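Written below as structure tokens is the structure these notes are about.
The values are calculated or read from the model by the stated rules, or taken from the named source; none is laboratory data. Note that this is a predicted model, so its numbers are computed, not measured. Neighbour counts are summed over all protein chains in view; Cβ atoms, including those assigned to glycine, are modelled from backbone coordinates with ideal geometry.
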Amino acid sequence: MSAAVTAGEPSTTGPLSVLMVTNMFPSPDAPHRGSFVRDQVRALERRDDVELELFAFDPGLRNYPLAARELRRRYRGRRFDVVHAHFGLTAWPALLARLGPVVVT
């Protein structure tokens, strides 16, 4: 007999696996771009109940299909509990990679 999961309780016994997909992460060329994304990544990395993978790619329309291809290649065979796409257009590579349920902020 399995236990019921109630609202607010995790459905898994281990850490929540999260893939964050963003094209707004700071870089040496643009150190202030997406500083709020960097702050969120750092906060999640400090949590014991979250396993975070960060996939950051450069802005630009040409990079979206390249990002989708690289996501599929890099994470082939993996599933995440949540794929967090930072910024609306980054949802496209996240959705095309089919690595887990996608949340867009």
Next on the checklist: Any residue at all in the range 6-18 that's surrounded by 17 or more Cβ atoms within 10 Å (Cβ to Cβ) and at pLDDT 90 or above?
Outcome noted: yes
Item to check | Test: Leu52 is over 10 Å from Val21 (Cβ atoms), assigned to a helix (DSSP H, G or I) and touching a residue at least 24 places away in the same chain (Cβ under 8 Å) | outcome: no
